[in-house]
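Structure, as structure tokens:
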Amino acid sequence: MATLARLQARSASVARQYYYRNSVVDVFRKKENDAAVKIQSWFRGCRVRAYIRYLHRAATVIQKRWRGYLGRQHYQLIVKLAYYTMKMNLYNAMAVRIQRRWRGYKIRKYCFNYYYLKAYLKAVSETNEAVREALEEFADMKEREERKADLEKEEKKRDYQARKTHYLLSTKQIPGVYNSPFRKEPDPRELRLQKAKPLTHPRPKVTPKRSASLRNWLECTRARSFPRSAVLPPIDRKPCQGPFRDIAEVLAQRYKPLEPTLRVAEPIDGPKEARAELQRQEWTRNVQDKLFLPFSSYHKSKKHIPAMHLSSKYGPDSYGSQHFREKNPERWICDKDFQTVLPSFDLFSEYGKLYSKAGQIV
């Protein structure tokens, strides 16, 4: 009990002492914590680096052993290939020697014929001699032809020169240059000049000049007074005095293409032809040409009579839109229907095709 009483008496001082010690420790708590963290990080870093170095050394040893094993395997393979290649080369060399000896023996024993080879070589030499002689003859012939061509060319050149200098030929009164009176015989060129003909130059072709007068053009005395060709009149001429139009305009109007009237251009029986063409097209679309009859045996011998509203063609009536005249062929006077095409007016047809007294287009 005494101890409990003492502890209870000291409880206030213990609390103050505890608070004081904790407050003193709090001052150095952050610094000590940072120091502890740094020490732990450094220690852990040392441990990790040591472990990594250990792993590197172990990996290096493993790779060294494995690479050595692979290198030895590859080297053994290379050695085997080299040994096999050496044996094959030796085998091929020995086989070539054996085959060479055997083939030589076989050719000398069974195939080779000395006399046949000698005859073959003799035939080859004779053929070569024949070909050489033929080539020499051909070369001689070509050389002769070339010499002959050169001589002919030279002869033509001399003949041309003689014709060109034919004026140097001697006459009865005056001797020529090559016929000197102091020589016993005339020069050979004098004889060549006597045989040659004088050189004449070809005369230029004279083209007839076209007449530049407009008298035949302006005098409309013939039906074809204006030319139909594309030759244009000369430009450097003076225009004629008087109320005359340009010649090009007159020619264009005179020879302009035909302009037919409506009555000439279109056929007069156009509606009839169109109707016939429409009937032909309808006939080509029909499945059969026979009329449809009922299937009853009672009506087999009777012709079907359609109703009034079924006898006409379905569609709008053409009266009033296409024609205004009823067509009744029984009342026609002639074989044709009345034509509604009006004739053309002569006054309108001749518009722009006539001349007035003043020279203008009417």
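The values are calculated or read from the model by the stated rules, or taken from the named source; none is laboratory data. All of these numbers come straight from a predicted model, not from anything done at the bench. A quick note on method: Cβ atoms are made from the backbone with ideal geometry, for glycine too, and the neighbour counts reach across all protein chains shown.
Below are the figures for this structure:
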quantity: Filter result for Leu135 (free of Cβ contacts under 8 Å to residues at least 40 places away in the same chain and under 15 Å from Pro188 (Cα atoms)); calculated: no
quantity: Helices (runs of 4 or more DSSP H) contained in the stretch 218-289 and holding at least 2 residues modelled with pLDDT of 60 or more and within 30 Å of Lys327 (Cβ to Cβ); calculated: 262-265, 270-284
quantity: Leading residue by the ranking (surrounded by the most Cβ atoms within 10 Å (Cβ to Cβ)) among those in the stretch 140-187 that are under 16 Å from Pro198 (Cα atoms) and among the basic types (Lys, Arg); calculated: Arg163
quantity: Residue pairs meeting the criteria (Cβ under 6 Å; at least 6 apart or on separate chains; first at pLDDT below 80, in the stretch 184-205; second surrounded by 14 or more Cβ atoms within 10 Å (Cβ to Cβ)); calculated: Pro186/Asn179; Leu199/Arg163
